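Below: one structure, written as structure tokens.
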Amino acid sequence: MSHITATPSVRRVAVVGAGTIGASWAALFLARGLEVVVSDPAPDAETQTRARVAEAWPVLEKLGRIVRGASPDALRFEPDLDAALAGVDFVQENAPEREDFKTALFARMDAALPAHAIVASSSSGLIMSRLQSQCSHPERYVIGHPFNPPHLIPLVEVVGGNQTSPDAIERAIAFYRSLGKHPIRLNKEVPGHIANRLQAALWREAIHLAAENVASVADIDAAVSQGPGLRWALFGPHMTFNLGGGAGGLSHFMDHLLGPVQTWWADLGAPEVTPELRRQLIDGVNAEAGGRSLAELAAQRDSQLTALLKALER
Ligand SMILES: NC(=O)c1ccc[n+]([C@@H]2O[C@H](COP(=O)([O-])OP(=O)(O)OC[C@H]3O[C@@H](n4cnc5c(N)ncnc54)[C@H](O)[C@@H]3O)[C@@H](O)[C@H]2O)c1
């Protein structure tokens, strides 16, 4: 029986773990005018978090995501986890991706949380049924997996474990929607959720093509970014092929092209990533970067992503 009953709206959010993902979530929560308390034991965590939020703020402003009265100064940093969790409605957990670590962390958080609070884990691939196994109130725990950076990319993958209540899943989805995110619901747990599995499938073949010297790393990347990647910002693979079938839609597309596609499936690779292949990929991506630093590439990604999101919203 779930002890999560009424559906109080979320006002106070705790961000537990404020590295790359946690700090970005904190920026979004602050922009939406929520009370945000951040907890992270790293000695420089408060400084780092405030710096990352300040960096994200102008982009959020450009996207029109900041509600009246919201301010980055509303962030409260609380290194003591129990104190951070007092009175919160929702927790977004972003601690290191280790099953044993998160399992122990959840059991500890469980004892300090108000009865109605929901906990969403950003975990990229861990299984919630295992993470919630040591909790007294496992029904409140869900996966709420974002994409980097969560303050910009709309997708959140939501899935419960075998002890999660349907109510907790629905409340998490409603909360993410209220932030302007695009939550999707998984009907069952799978390692890596959906989007990372799709990325992994594509990357596996991209590595295979590089290993077979079909093209350079830069050209294989361009085969995505200058081609189907542009359409994928608008429609996923099923809808893309629905349009690829002309007037007959997906049905015609499958009559016409599923046969050839199936022969390609049979030919796809499962490369063994040897030290030599690793080197080839790293050298290839460095050549593709053409002297641009990682910071420059990330700045380019964020500014073009902002322009793209603005264009899509129009
Ligand atoms: N980096 C990504 O692209 C990405 C994308 C989506 C989801 N995620 C997931 O988000 C989570 C965090 O990943 P990240 O990339 O931000 O890692 P990170 O290493 O940047 O941050 C982890 C943070 O957790 C803190 N931490 C350590 N012990 C803690 C504790 N007991 N309580 C609270 N905080 C603690 C660390 O000090 C660090 O700041 C992982 O579960 C990861 O799978 C990562």
If contacts are Cα pairs under 8 angstrom and at least 6 residues apart, what is the relative contact order of segment 190-276 in percent? 29
Amide H partners (placed H, <5 Å) of Glu157, local residues excluded: His145, Ile184
Relative to the longest principal axis of the chain, what angle (0 to 90°, nearest 10) does the C-alpha long axis of helix 275-289 take? 90
DSSP bridge orientation in the chain - percent antiparallel, rounded to nearest 5: 20
Whichever aspartates and glutamates have a C-alpha closer than 14 Å to that of Lys310, once near sequence neighbours (fewer than 8 apart) are set aside: Glu61, Asp302
Once a ≥ b ≥ c are taken as the square roots of the eigenvalues of the Cα gyration tensor of the chain, is the result rounded (a/c under 1.5), prolate (a/b larger than b/c) or oblate (a/b not larger than b/c)? prolate
Using amide H atoms built in the peptide plane, which far-off residues or other-chain residues are under 5 Å from Val91 H to H? Ala14, Ile118, Val119, Ala120
Residue among Trp232, His193, Gly245 farthest towards the positive dipole end of segment 185-255, charges placed on Cβ: His193
So which lysines can Lys102 reach, going by Cα to Cα under 21 Å and dropping same-chain residues fewer than 8 places off? Lys188
About the Cα centre, charge dipole magnitude for the chain (Lys/Arg +1, Asp/Glu -1 at Cβ), debye: 900
If you put +1 on each Lys and Arg Cβ and -1 on each Asp and Glu Cβ, how big is the dipole of segment 198-314 around its Cα centre, in Debye rounded to 20? 420
Find how many whole Å separate the alpha carbon centroid of segment 24-85 from the alpha carbon centroid of segment 215-281. 38
So for the chain, averaging the separation of alpha carbon pairs under 8 Å that are six or more residues apart and normalising by length, what relative contact order in percent results? 14
For the chain, the longest site-free run once GluC sites (Glu not before Pro) in DSSP loop states with at most 10 other Cβ atoms within 10 Å are removed: 1-211
To the nearest 10 degrees, how steeply does helix 99-112 sit against the main Cα axis of the chain, on a 0 to 90 scale? 30
In a shell of Cβ-Cβ distance under 14 Å around Leu85, excluding Leu85 itself, what net charge do Lys and Arg (+1) and Asp and Glu (-1) give? -4
Exactly which trypsin sites (Lys or Arg not before Pro) in segment 55-155 are in a DSSP loop and have at most 12 other Cβ atoms within 10 Å? Arg68, Arg98
Put a dot 7 Å past each Cα toward the Cβ at Leu297 and Leu243; how far apart are the dots in nm? 2.8
From the phi angles alone, apply the Karplus equation (6.51, -1.76, 1.60; θ = phi - 60°) to segment 57-72 and give each ³J(HN,Hα) in whole Hz, x where the residue is Gly or Pro. 4, x, 5, 4, 5, 4, 7, x, 8, 8, 7, 4, x, 6, 8, x
Overall form of segment 155-300 per C-alpha gyration tensor (a/c, 1.5; a/b vs b/c): oblate
Is the shape of segment 152-192 rounded, prolate or oblate, going by the alpha carbon gyration tensor and its root eigenvalues a ≥ b ≥ c, with a/c under 1.5 for rounded and a/b larger than b/c for prolate? oblate
Work from the charge dipole of segment 264-314 (Cβ charges, +1 for Lys and Arg, -1 for Asp and Glu, about the Cα centre) and give the residue of Gly269, Val285, Leu305 farthest towards its positive end. Leu305
Nearest 10 degrees, 0 to 90: helix 294-313 Cα axis against the chain principal axis: 90
Simple spin-label estimate for Met254/Arg68, 7 Å along Cα→Cβ, in nm, reads 5.1
With each pseudo-label sitting 7 Å past Cα toward Cβ, what's the Lys310-Asp219 distance in nm, one decimal? 3.6
Calculated [θ] (222 nm, deg cm²/dmol) that DSSP helices of n ≥ 4 give over the chain, each run adding -39,500 (n - 2.57): -16000 deg cm²/dmol
Pick out which of Ser216, Ser124, Ser24 has the largest mean-square fluctuation in a Gaussian network model of the chain, springs linking Cα atoms closer than 10 Å. Ser216
List the relative contact order of segment 125-258 as a percent without decimals, with contacts defined as Cα pairs under 8 Å and 6+ residues apart. 16
Calculate the dipole size of segment 66-188 relative to its Cα centre from +1 charges on Lys and Arg beta carbons and -1 charges on Asp and Glu beta carbons; express the result in debye to the nearest 20. 400
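Values in this text are rule-based calculations from the coordinates and carry no lab data. Computed from a predicted model, the values in this text were never measured in an experiment. Cβ sites come from the backbone with ideal geometry, for glycine too, and all protein chains shown count toward neighbours.
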